[in-house]
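Engineer: Got a structure here, written out as structure tokens. Questions coming.
The values are calculated or read from the model by the stated rules, or taken from the named source; none is laboratory data. Since the structure is predicted, the reported quantities are computational estimates derived from the model, not experimental observations. As a convention, Cβ positions derive from the backbone with ideal geometry for all residues, glycine included, and neighbour counts pool all protein chains shown. For accessibility, only protein heavy atoms count, side chains too; no ligands or nucleic acids. Shrake-Rupley method; radii C 1.70, N 1.55, O 1.52, S 1.80 Å.
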Amino acid sequence: MSERTIVRSGEGVPATTAGTLPVRVRSRWTRILLSRDAVMFYALIAVVVYAYTQVPYFASTQTVGFLLLDVIPILLIAMPMALVIITGEIDLSVASTVGLTSAVMGVLFQAGVPIGVVLVLCLLLGTVLGAVNGFLVTALGLPSLAVTIGTLALYRGFALVVIGDNAVANFPQELTRFSTSKLGDTGIPVVMLLVLAVALVFGVLLHFTPFGRALVALGFNKEAAAFVGIRVGRAKFWLFVSTGLVSSLAGIFWTLRYSSARSDNATGIELAVIAAVLLGGVSIFGGTGSIPGVIIGVLLIGTINYTLRLARFSDVVLSIVTGALLIASVVAPSIAEWARGRLHARRTARLELQRAAAQ
Amino acid sequence: MLVVVTATINPLFLTPQGVKDLLLNATIVVILAIGQALVIITRNVDLSVGSILGLVAFGTGTLFAVYPGIPIILVFVIGMAFGAVLGAVNGLLVTIAKVPALVITLGTLYIYRGVNNAWAGGTQYFAGDRPRAFSSLSTDTIFGFPLITLLAIAVVVGVAIVLAYTRAGRDLYAIGSDPAAARLFGIPVTRRVLGAFVASGVLAGLAAVLYASRFNAVGATTGTGLELDVVAAAVVGGVAIFGGSGTVVGAAIGALLLTTITSALTALRVDKFWQQAIVGVLIIAAISVDRLVSLNRARKLRVSEARNV
């Protein structure tokens, strides 16, 4: 690993040093190995190794299956959510979209609508719900936080209206069995292939297309993005639509997996999704984040939760852990920033001393 | 208007008992909503109030169960202090880490609820465990007004005066309008925002003690989902979600309106399942109206400015 020393004009250097400072730049590999995503990956590995060796029953293919089945809805929704948060917006209504999709799916199916038509209608419903969010945010210019708190209540309310206290459970067995079926002996659910496809779409969209670069620019500085010709409103609108669509997909999976359509399905998972996205390195202020990071974040939270459950901690503790992780993942960057600022200040002070001594 | 329509359709709605129930139901949301208003005015939000209420209400039940002879006034003090501590945790995290309050309080919503669950487990405390004098707070009336409603009115007036006529109160508006400018102007932003969160916590603590007096059972799930009603009440009452404007009286009226709507729906025998959807519609309608009004005002200002040139 080579470390080069180059000279570049530093921003944030006090005016007294006026001009250039030698700044150490790490080589490409060091940078990748020390990046935030990589650190998260090490943390994930550490948790898995710990659970593998210390927690009884963790080391089995069943673990892989159940763990992945548990994280699939979160993983799915986290993909569009990451893009939404990167643009500096937020969508709190995703869990309610899952619930409403599930409720509608149950009612339609019970009314005798063929299951294929039901699934298409559900996806269409998700798209419409997302479009409503997108319209309110982009056309009316309302803050997405407030809008989606409103639609969180609204969509969950509709779910209650649609299905009430009932539950629909008699979905076709081929479908419910398919939703939990595994790829051979690996224990990996077949549905993971679909999830991977979704992740790939959003990953390519964010990292390898002009649209994706535009999203990052947009989250970084909305006015500047508008000036360079990015259609801010339209981009955000489609992101909300995609969040709705993917949430309804997650709703279909949820319903089939538990073979139960209820109005309170997936209540509160917006928290887990947002926690995972933020833990995965997406800044809540927008402008930074990566899809691989988010996937690692989701898996990290999923593994921790699963391990705790195996170790016989109750769901109560899980909600504390998720909440704490959420707070930690937003507070940690602030602390890191502060520490980096201190380090930088100390380094510039030392360089200045050296320069003064040399003169 | 709403009251009249409902009363004509269901005459039971405006009987003294009906009005009393309405006021009683509104009291707790009113107190929570004015705390929320203080926070929202500073361009923050406190989503953890439902969990704070649950935790403190259970604490109140425990206090009466463990120390049966405890003076009621002491319970109020302890409850409000407990709420203050929980609010201070929110405030410190928000001000020190400089992270949006939404995320922090969403996190503490789950943490406080989790602590409540862990603490309470399956335990519930019932009104029978509490002294009669405590429960009678919410049944005794003066001139037809329940005692706790009078207390709520006193709190509304008190907080309204502080917000409108003291420097600290005015500072909250300045911070909400433009945090950077407020800081430049020498306003202790950190301290004021922290203060707003602590105040919200104290009021949630007060509401929790009243909740324990009003309702029979307090347990692990007390107050779940209340934060939505509270934010809705504040926003419907004209507190701008972007901060910088709104009044405590407005928030209180918003809470009263929201409770009236829910009671009216019940009185009109509308399916209870519609209630949450209506809360959602109200939130969206309120912020949309707010936005349209401010856009309109901005346009008028531009026109009048242009004319003066």
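Engineer: Once the whole set of protein chains is in place, how much accessible area is left on B:Ser288, using a 1.4 Å probe, in Å² to the nearest 10?
Structural biologist: Accessible area, nearest 10 Å²: 20 Å².
Engineer: Give the dimensionless ratio obtained when the Cα radius of gyration of the range B:219-306 is divided by 2.2 N^0.38 Å. Could the numbers behind the result be given before it?
Structural biologist: Values: Rg = 16.1 Å, N = 88, 2.2 N^0.38 = 12.1 Å.
Cα-based Rg divided by the globular estimate yields 1.33.
Engineer: Mind running the shape call on the range A:233-345? Use the C-alpha gyration tensor, a ≥ b ≥ c as the square roots of the eigenvalues: rounded below 1.5 for a/c, prolate if a/b tops b/c, oblate otherwise.
Structural biologist: oblate
Engineer: Under 18 Å from the Cα of B:Lys98, which aspartates and glutamates turn up, not counting those fewer than eight places away in the same chain?
Structural biologist: Cα-Cα hits under 18 Å: A:Glu89, A:Glu337, B:Asp46, B:Asp178.
Engineer: Also: Please list, by residue number, everything in the range B:177-198 whose backbone N is under 18 Å from a paramagnetic label point 7 Å out along Cα→Cβ of B:Asn308.
Structural biologist: Flagged as within label range: none.
Engineer: Have a look at B:Ser200, A:Ser27, B:Leu92 and report the one farthest towards the positive end of the charge dipole of the protein assembly as shown, computed about the Cα centre with Cβ charges (Lys/Arg +1, Asp/Glu -1).
Structural biologist: A:Ser27
Engineer: Taking the simple approach of a point 7 Å from Cα along Cα-to-Cβ for both A:Val55 and B:Ser245, what is their distance in nm?
Structural biologist: Distance between the two pseudo-spin positions: 5.1 nm.
Engineer: Tell me the label-point distance for the pair A:Leu196, B:Val77, using the 7 Å Cα-to-Cβ offset, in nm and rounded to one decimal.
Structural biologist: The answer from the label model is 6.5 nm.
Engineer: Can I ask one more? Hull surface divided by four, with the convex hull built on the Cα atoms of the range A:61-266: how many nm²?
Structural biologist: Values: hull surface 47.4 nm².
Directional mean of the projected Cα hull area for the range A:61-266 stands at 11.9 nm².
Engineer: From the residues A:Val113, B:Leu257, A:Ile86, which one has its Cα farthest along the dipole of the protein assembly as shown in the positive direction, the dipole being from +1 and -1 charges on Cβ of Lys/Arg and Asp/Glu about the Cα centre?
Structural biologist: Result: A:Ile86.
Engineer: How high is the relative contact order of chain B, in percent, with contacts defined as C-alpha pairs under 8 Å that are six or more residues apart?
Structural biologist: Details: 501 pairs, mean separation 106.4, N = 309.
Computed over chain B, the figure is 34 percent.
Engineer: Tell me whether the range A:23-165 comes out rounded, prolate or oblate; compute the Cα gyration tensor, take square roots of the eigenvalues as a ≥ b ≥ c, and use a/c under 1.5 as the rounded threshold. Write out the running numbers ahead of the final one.
Structural biologist: On the way: a/c = 2.90, a/b = 1.43, b/c = 2.03.
Cα axes put the range A:23-165 in the oblate bin.
Engineer: What does the structure give for A:161-167 when I average, per residue, the other chain Cβ atoms found within 10 Å of the residue Cβ?
Structural biologist: On the way: counts 6, 1, 1, 3, 1, 0, 0.
Partner-chain Cβ atoms within 10 Å, mean over residues of A:161-167: 2.
Engineer: Give me a comma-separated list of calculated 3J(HN,Hα) values for the range B:183-191, in order, Karplus coefficients 6.51, -1.76, 1.60 applied at θ = phi - 60°, integers in Hz, x for any Gly or Pro.
Structural biologist: 5, 4, 7, x, 7, x, 4, 4, 5
Engineer: Name the lysines eligible as straight-distance cross-link partners of A:Lys236: C-alpha to C-alpha under 21 Å, and not fewer than 8 places from it in the same chain.
Structural biologist: Reachable lysines: A:Lys222.
Engineer: log10 I(q)/I(0), Debye, Cα-only chain B, no solvent, q = 0.15, 0.16 Å⁻¹?
Structural biologist: Evaluating at q = 0.15, 0.16 Å⁻¹ gives log10 I(q)/I(0) of -1.22, -1.35.
Engineer: Here is a follow-up. Residues of the range A:137-220: accessible area per residue at 1.4 Å, in Å²? Display every interim value, and only then the final one.
Structural biologist: Details: 3920 Å² over 84 residues.
Here the residues of the range A:137-220 average 47 Å² of exposed surface.
Engineer: Could you work out [θ]222 nm for chain A from helices alone, using -39500 (n - 2.57) per DSSP H run of at least four and dividing by all its residues? Round to the nearest 500 deg cm²/dmol.
Structural biologist: Working: 14 runs with 253 residues, N = 359.
Dividing the helical sum by the residues of chain A leaves -24000 deg cm²/dmol.
Engineer: Another question, if that's okay. With runs of 4+ DSSP H residues as the only contributors, calculate the mean residue ellipticity of chain B at 222 nm using -39,500 (n - 2.57) per run, divided by the residue total and rounded to the nearest 500.
Structural biologist: On the way: 13 runs with 231 residues, N = 309.
Calculated from helices alone, the mean residue ellipticity at 222 nm is -25500 deg cm²/dmol.
Engineer: Over chain A, calculate the relative contact order: mean separation of alpha carbon pairs under 8 Å at least 6 apart, over the residue count, as a percent.
Structural biologist: Numbers: 532 pairs, mean separation 101.2, N = 359.
Relative contact order comes out at 28 percent.
Engineer: May I pose another question? Note down the relative contact order for the range A:61-266 as a percent, whole number, built from C-alpha pairs under 8 angstrom at least six residues apart.
Structural biologist: Details: 316 pairs, mean separation 92.5, N = 206.
RCO, the range A:61-266: 45 percent.
Engineer: Could you list the trypsin sites (Lys or Arg not before Pro) in the range B:204-309 that lie in coil according to DSSP, counting only those with at most 14 other Cβ atoms within 10 Å of their Cβ? Could the numbers behind the result be given before it?
Structural biologist: Values: sites: B:Arg214, B:Arg269, B:Lys272, B:Arg291, B:Arg297, B:Arg299, B:Lys300, B:Arg302, B:Arg307; in loops: B:Arg269, B:Lys272.
Passing sites in the range B:204-309 are B:Arg269, B:Lys272.
Engineer: Further question on the same structure: Taking chain A as a Gaussian network, where each spring joins two C-alpha atoms under 10 Å apart, which residue of A:Val277, A:Val98, A:Val49 fluctuates the most?
Structural biologist: In this elastic network of chain A, the residue with the biggest mean-square fluctuation among A:Val277, A:Val98, A:Val49 is A:Val49.
Engineer: What is the distance in Å between the Cα centres of the range A:138-163 and the range A:166-196?
Structural biologist: Comparing the Cα centres of the range A:138-163 and the range A:166-196, I get a distance of 30 Å.
Engineer: When the dipole is taken about the Cα centre of the range B:20-308, and only Lys, Arg (+1) and Asp, Glu (-1) are charged at their Cβ, what size is it in debye, to the nearest 20?
Structural biologist: On the way: 20 positive and 11 negative charges, 155 e Å.
Around 740 debye, computed over the range B:20-308.
Engineer: Provide the descending list of Cα extents for the range A:149-224 along its principal axes, expressed in whole angstroms.
Structural biologist: Its Cα atoms span 53, 41, 15 Å along the three principal axes.
Engineer: Can I ask one more? Calculate the translational D of the protein assembly as shown in whole µm² s⁻¹ from Stokes-Einstein, where the hydrodynamic radius comes from the Kirkwood formula applied to all Cα pairs, the temperature is 4 °C and the viscosity 1.567 mPa s.
Structural biologist: On the way: Rh = 27.0 Å.
Calculated translational D: 48 µm²/s.
Engineer: Oh, and also: Just to confirm a number: summing +1 for Lys and Arg and -1 for Asp and Glu over residues other than B:Arg192 whose beta-carbon lies under 11 angstrom from that of B:Arg192, what do you get? Walk me through the numbers before you get to the answer.
Structural biologist: Details: positive: B:Arg167, B:Arg170, B:Arg183, B:Arg191; negative: B:Asp171.
Neighbour charge sum, excluding B:Arg192 itself: +3.
Engineer: Projected onto the charge dipole of chain B (+1 at Lys/Arg Cβ, -1 at Asp/Glu Cβ, origin at the Cα centre), which of B:Gly69, B:Asn296, B:Asn308 gives the Cα projection farthest towards the positive end?
Structural biologist: B:Asn308
Engineer: Further, regarding this structure: Roll a 1.4 Å probe over the protein heavy atoms and report the accessible area of A:Asp315 in Å², nearest 10.
Structural biologist: 100 Å²
Engineer: Rounded if a/c is under 1.5, else prolate if a/b beats b/c, else oblate: with a ≥ b ≥ c from the C-alpha gyration tensor eigenvalues square-rooted, which is chain A? List each step's numbers first, then the result.
Structural biologist: Details: a/c = 2.48, a/b = 1.62, b/c = 1.53.
Verdict is prolate for chain A.
Engineer: GNM, chain B, Cα, under 10 Å: largest mean-square fluctuation among B:Ser213, B:Ser51, B:Ser135?
Structural biologist: Sorting by GNM fluctuation, first place goes to B:Ser135.
Engineer: Quick check: Cα centre of the range B:55-116 to Cα centre of the range A:300-359, how many Å?
Structural biologist: A separation of 26 Å, based on Cα centres.
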